[in-house]
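Notes follow once the structure below has been shown.
The values are calculated or read from the model by the stated rules, or taken from the named source; none is laboratory data. Computed from a prediction, not measured in an experiment: that's the story for all the values here. Counting neighbours? That spans all protein chains shown, and the Cβs are built from the backbone with ideal geometry, glycine included.
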Amino acid sequence: MSLAYVILGLLQQQEMTGYDLKTSCFDQCIAHLWPADQAQIYRTLDKLVEQGWITCTIEIQRDRPNRKVYSVTEPGKAEFARWLGTHQPLPTVREPMLVQLHFADQLPNDTIIYLLEEQLAARRKKLAECEIIDLPSLGDESANREQVMQRLVLELVIRREQTYIDWLKIALNVISHQKIYASNYQIL
């Protein structure tokens, strides 16, 4: 999946500036799924305009710089609908901390524990950020279809983070009770 489809989906909800996309959408609504920085967003907006999938209208402002407002075109809507109905392959997962752990037999336990505790803190933070996202629960009959879809996605992200946290606790327990510090270190 590319950032282009995320932006097309967001612009289908309402027309926005690149700044609005970053601050209102990526930072507040979708960061738990697909983070993007300002430069990536603007590069992608330019490409989408070139492809004819979005248009850019300049709004002239008196006291501030002019605003570029982006909206989805009919070809952009068609491409987004096509993409929505297309099976997506499993993503390539890259977990630097897991690669570190794979080779961590070369480290003393204290260093491994430090790395695991840092990861645990980061995962707890992400879980807390996800848990405060204000969406109706899955059983809430007052929720509209968009809210139900967003809640389903959020539930998976929350479960994934909780599973990672649970695994990190197990890993910390195992390493904490291990008698051998590292292959290059002495046995206790």
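Checking each residue in segment 12-22 for being touching a Leu at 6+ places or on another chain (Cβ under 8 Å) and either assigned to a helix (DSSP H, G or I) or on the phi > 0 side of the Ramachandran plot (or both) picks out G18, L21. When each of A39, A31 is tested for being assigned to a loop (DSSP other than H, G, I, E, B), not assigned by TED's automatic domain parsing to the domain that holds E129 and not acidic (D, E), the lone residue that passes is A31. Considering segment 26-78, the residues that are touching a Ser or Thr at 6+ places or on another chain (Cβ under 9 Å) and among the small types (G, A, S) include one that is surrounded by the fewest Cβ atoms within 10 Å (Cβ to Cβ), namely G52. Consider L138 carefully, then state whether it is closer than 24 Å to Q28 by Cβ and either assigned by TED's automatic domain parsing to the domain that holds L10 or touching a Lys or Arg at 6+ places or on another chain (Cβ under 9 Å) (or both). Judged against the criteria, L138 is a match. So which helices (runs of 4 or more DSSP H) stay within segment 56-144 end to end and still have 2 or more residues that are closer than 24 Å to L45 by Cβ? Helices (runs of 4 or more DSSP H) meeting the threshold: 74-84. Contact annotation: residue pairs with Cβ atoms under 8 Å, 6 or more positions apart or on different chains, pairing a residue in segment 101-127 that is in the same structural domain as I158 (by TED's automatic domain parsing) and on the phi < 0 side of the Ramachandran plot with a partner that is loosely packed, with under 13 Cβ neighbours inside 10 Å and basic (K, R), are L120/K169. Listed by first and then second residue, the pairs with beta-carbon distance under 6 Å, at least 6 apart or on different chains, first residue in segment 1-29 and touching a residue at least 40 places away in the same chain (Cβ under 8 Å) and more than 18 Å from T57 (Cβ to Cβ), second part of a helix (DSSP H, G or I) and among the aromatic types (F, W, Y), are Y5/W83. Residues in segment 132-159 that are charged (D, E, K, R) and loosely packed, with under 15 Cβ neighbours inside 10 Å were compared, and the one that is farthest from H32 (Cα to Cα) is E141.
Return the total of residues in segment 118-135 being aliphatic (A, V, I, L, M) and under 15 Å from I30 (Cβ atoms). Going through segment 118-135 one residue at a time, the tally reaches 3.
Reported count of residues in segment 11-35, each being small (G, A, S) and within 22 Å of G52 (Cα to Cα), is 1.
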